[in-house]
Amino acid sequence: MSEKISRRSFLKAGGLVAAAATAELAVNGGVPQAKAQEGLGKVALPYPAQEVGPAKALKAGQTQNFNYPDKDSPCILLKVGKAVPGGVGPDNDIVAYSTLCSHKGCPVTFDAAAGVLKCPCHYTIFDPERLGQMVCGQATVNLPQVVLEYNAQNDSVTAVAINGLIYGRQANIL
């Protein structure tokens with residue numbers, strides 16, 4: 001014969017189980033203990049470091065195309081000519097972005113006269129001086145910015161990560 005349990009008792013027991021599970025996750029940083037010990041709880045994959053080129057070779061308003069973090073991810077390196085947020089190099093004026101528009105993945109190009117990155121498909125404009133901010137158009141998010149590092153000893157600019165999701169991907173590292 002089975003014992004009947006009241007709704008109130010059932011809810012109390014369920015609340016205690018949920019509280020215990022939450023406490024376990026909080027203690028282990030959101031990763032169950034077995035996974036934390038095995039290192040299986042990683043959610044971010046490491047980006048490869050990739051040298052893009054020498055900083056002194058670029059002139060203000062000049063661009064250089066490269067692929068990062070893999071061969072299917074076209075990017076653009078740009079020397080703005082004045083210090084900008086996220087800029088690297090001797091003058092903190094070198095930035096890089098994915099050239100896949102965040103709206104539909106069309107290839108954006110740099111308009112030197114206007115100093116902006118433009119998408120020819122749906123006329124979205126991105127500002128490279130303001131972290132790839134979407135200025136106007138159909139896109140709803142900024143252009144993914146390639147995180148760069150500068151080595152003054154050998155004048156090299158290296159791509160090390162991406163801020164934002166590359167169009168058409170569930171993760172930037174495949």
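We did not get these values from a lab; they are worked out from the coordinates using the rules stated. Predicted model only: the values in this text are computed from it and were never measured. Every residue, glycine among them, receives a Cβ derived from its backbone with ideal geometry; neighbour counts consider all protein chains shown.
As an exercise, use a Förster radius of 22 Å and the Cβ-Cβ distance of residue 174 and residue 122 to find the FRET efficiency, rounded to the nearest 0.05.
0.30
Can you list residues from other chains, or at least 5 along the same chain, whose modelled amide H is less than 5 Å from the amide H of residue 89?
Counting only residues 5 or more places away or on other chains, the set is 150.
Whole-Hz ³J(HN,Hα) for each residue in the range 74-80, computed from phi via Karplus 6.51 cos²θ - 1.76 cosθ + 1.60 with θ = phi - 60°, x for glycine and proline: what do you get?
Karplus-based 3J(HN,Hα) across the range 74-80 equals x, 9, 10, 9, 9, 9, 6 Hz.
With a 4.7 Å Cβ cut-off, tell me which Cys residues in the chain come up empty for a partner.
Lone cysteines by the Cβ rule: 75, 136.
Lys/Arg Cβ at +1, Asp/Glu Cβ at -1, dipole of the range 50-163 taken about the Cα centre: which of 126, 76, 64 is farthest positive-ward?
About the Cα centre, the residue reaching furthest to the positive side is 126.
What list of ³J(HN,Hα) couplings, whole Hz, do you get for the range 49-59 from phi and the Karplus terms 6.51, -1.76, 1.60, once you set θ to phi - 60° and write x for glycine and proline?
My calculation for the range 49-59 gives 7, 9, 5, 9, x, x, 5, 5, 6, 8, 9 Hz in order.
Residue farthest toward the positive end of the dipole of the chain, with Cβ of Lys/Arg at +1 and Asp/Glu at -1: which of 112, 22, 140?
Of the options given, the answer is 22.
For residue 114 and residue 22, what does the FRET efficiency come to when R0 = 45 Å and r is the distance between their Cβ atoms, rounded to the nearest 0.05?
0.30
Could you tell me the number of lysine pairs in the chain with C-alpha atoms less than 18 Å from each other, where the two lysines are 8 or more residues apart or belong to different chains? Intermediate results must be reported in sequence, preceding the final value.
Details: 4/12; 56/79; 56/82; 59/79; 59/82; 79/118; 104/118.
So the count of such lysine pairs works out to 7.
On a 0 to 90 degree scale, rounded to 10, what angle separates helix 7-27 from the longest Cα axis of the chain?
40 degrees
Nearest 20 debye, what's the magnitude of the dipole of the chain about its Cα centre given +1 on Lys and Arg Cβ and -1 on Asp and Glu Cβ?
Numbers: 15 positive and 13 negative charges, 151 e Å.
Dipole magnitude for the chain comes out near 720 debye.
Per the helix-only calculation at 222 nm, which mean residue ellipticity applies to the chain, given -39500 (n - 2.57) for every DSSP H run of n ≥ 4 and division by its residues, nearest 500 deg cm²/dmol?
-5000 deg cm²/dmol, from helical runs alone.
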